[in-house]
1. Over the alpha-carbon set of the range A:286-362, divide Rg by the Kirkwood Rh and report the Rg/Rh ratio to two decimals.
2. Could you work out the relative contact order of chain A? I mean the mean sequence separation of Cα pairs under 8 Å and 6+ apart, divided by the number of residues, in percent.
3. Tell me, Kirkwood radius of the protein assembly as shown from alpha-carbon pair distances, in Å?
4. Taking 8 Å as the Cα distance limit and 6 or more residues as the minimum spacing, I'd like the relative contact order of chain B as a percentage.
5. Could you tell me how many degrees, from 0 to 90 and to the nearest 10, lie between the Cα long axis of helix A:55-78 and the main elongation axis, the longest principal axis, of the Cα atoms of chain A?
6. Give the lysines reachable from A:Lys60 as a straight Cα distance under 20 Å; neighbours fewer than 8 places away on the same chain don't count.
7. Checking a compactness column here: for the range A:81-239, what do you get for Rg(Cα) / (2.2 N^0.38 Å), N being the number of residues?
8. Summarise the partner chain shielding of A:201-209 as one whole number: the mean count of Cβ atoms from other chains within 10 Å of each residue's Cβ.
Amino acid sequence: MAKPMNMRDKYNRMTRDLGWEPSYQPKSKIYPQIEFEGIKIENWEQWEDPFRLTMDAYWKYQAEKERKLYAVIDSFAQNNGQLNITDARYVNALKLFLTGISPAEYSAHRGFSMVGRAFPGVGAQVACQMQAVDELRHVQTQVHTISHYNKYFNGFQDFRHMHDRVWYLSVPKSFFEDAQTAGPFEFITAISFSFEYVLTNLLFMPFMSGAAFNGDMATVTFGFSAQSDEARHMTLGLEVIKFMLQQHPDNVPIVQRWIDKWFWRGYRLLSLVAMMMDYMLPKRVMSWKEAWEMYFEQNGGALFEDLARYGIRMPKYWEVSVQEKDHLSHQTWATFYNYGHAAAFHTWMPDAEEMAWLAAKYPDSFDRWYRPRYEHWIAQEKAGHRFYNPSLPMLCQTCQIPMLYTDMDDPTQVVYRSTEYQGEKYHFCSDGCKDIFEHEPEKYVQAWLPVNQIYQGHCGGATVPEVLNWYHLRDGQDNRDYLYSEDRQNWLRWKEASSQLETT
Amino acid sequence: MSVKALYDYPVVPKDTVEQFHGNQLVFIGWDQHLMFCSPIALPLPPALPFAALVEQVLTDAYGQHPEFTRIDWSRVEWLLDGQPFTPNPVAGLRDNGIGHKSVIRFRTPGLNGIAGSGS
Amino acid sequence: MANNMVYLALQNNEDARPIIEAIAEDNPHATINHYPAMVKIDAPGRLTVKRASVEEKLGRDWDPQEIQINLISISGNVVESEEEFAVERLS
């Protein structure tokens, strides 16, 4: 009997050896996208996949992950798991996640299919193909969860349609479209390195742990199952960066600029996660500030110390992200409270106990800047005037988020940045977003900014009800304050019914 | 800098003034009043007198704030695109130098937001 | 002081328990942190998961690649061989 192949031989046979030298077309025609970004690759054979995962092993492990995952999702559905969550308010975090992130997983699937085709190296092609399949799996598992929750709660009914139209969903949508319309090396730096390696831990780890803490085992399971692929994706992201940096010194400044850009874009996108963690989980695991310290300052810091040997420094404006950690979640939540009548999930004010938690976690900011605003809003609501902002917000041209961020030297002052390009004014929430625009203005002048599109007459009409209708958002059902929501009424009814069942 | 592309990359700005049916886009922010989470965007006629902007538009936008009725408009400090600015109340927006996508900010000395929090 | 921390995060379930125990025994410099549904193991420099130790706990053959099934996240450079799965810092 032949001696079994060792891991490295097996990986080489089942990946590298799948490639061939083309004979009747030049490589430049087969891989036309590989040079225009300026990245120079001397030798694709030097690509190392630290996981050395071959397709046969990939299918075996993925099949096992799927079996475990669907067993939990099935039992969650069969046992009415939605009744065991801590509170129906929690479901709103899930609405935001499943309408904002799940379509983004699909965008990632498409993106990795494209870059897998664009790269000439077999090792990179196989790794990208695996990730493309992973991302499709993530969307599918999340759609099953949407399907279950949609039977009991509002806001889940048309996530695909909403993703292309709803104002705040343009934030993740435009983020991925920016990456997909870049070249293959920028795409993989954006998604595999900056987003997956540096930032997705913030999305999956504290948030999924939070889902577990709040009794949502369906979400924990798809979340951690997705994250188990993420460890491989992160490794791919780090490998891609090291590979580019080792191949040619000219690559270093290009890669650094991409890291700067995509760190900032990803960090802005995580504003949504910050508010989920601090405001939308009835039982909280850790604050956004603590999570940023643990996952970015500590682990990100160690990562960039490793990369210093290749000439890479920390992403530009990382200091701003550290200064903003005391404010980010409060400012974002206040924005959704302002526009709760136009969101496909409910908003609310924290109760006294929750405000005490916020004050304890944010001793330098909460009581001074945010509590007075909230107490005013609560008083207004009690008097029958729940506050909604009657005007549409000014958006940042790059991240498409309302201009809600303030100057860390004066947290009461909104940051205004602007530039002119070909005689037209453009506005930004930050220096980070302004830099990104100025590097590629042709790209961002085309931004489909939801507010401006409404005023141009492209979104169903000029009034809020007409726009909501165009979003497929049911006014009075999917939106507005949790206090008056059908979700809350149903929840109280179900809990009462189940407690009566238990006592009889 | 400019975008790197495999082909001649067209420049197609999406928000030019012609797209707004005779209006121009104007951004307005009331400094230190973050009860309104961000500046606002409004499509307004270029001939709208500045006084009408204050009396109608700002009242609709900011009237819910407890300090709004206490504003002494003669003491308000205006900024147009980041520069100090003295509006002519009878002139229209365009004649006041307010262009498409200009930012008008106003500061109300002595009114520092709810409980002095800048809200 | 240089920051050279690495971590492995695993699901807190029956399959992962022997792996976590093996890591704890083989990496006395590591700190084991329990969170809802998740165990995060932090250490300076390097964390090693040894095939032999996990097999000893499990009482069956175990391929270090199997760790992927219950792995949630990592920080550090992956080093993988037939005998172990490790994450480490370069410096």
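1. Rg/Rh for the range A:286-362 comes to 1.12.
2. Dividing the mean separation by the residue count of chain A yields 17 percent.
3. 27.1 Å
4. For chain B, the relative contact order is 34 percent.
5. 10 degrees
6. Within reach: A:Lys10, A:Lys68.
7. Ratio of Cα Rg to 2.2 N^0.38 Å: 1.05.
8. For this peptide, the per-residue mean of nearby foreign Cβ atoms is 4.
Each value in this text was obtained by applying a stated rule to the coordinates, not by laboratory testing. Treat the numbers as computed from the prediction; the structure is a model and nothing was measured. Positions of Cβ are generated from backbone atoms using ideal geometry, with glycine treated the same way; all protein chains shown enter the neighbour counts.
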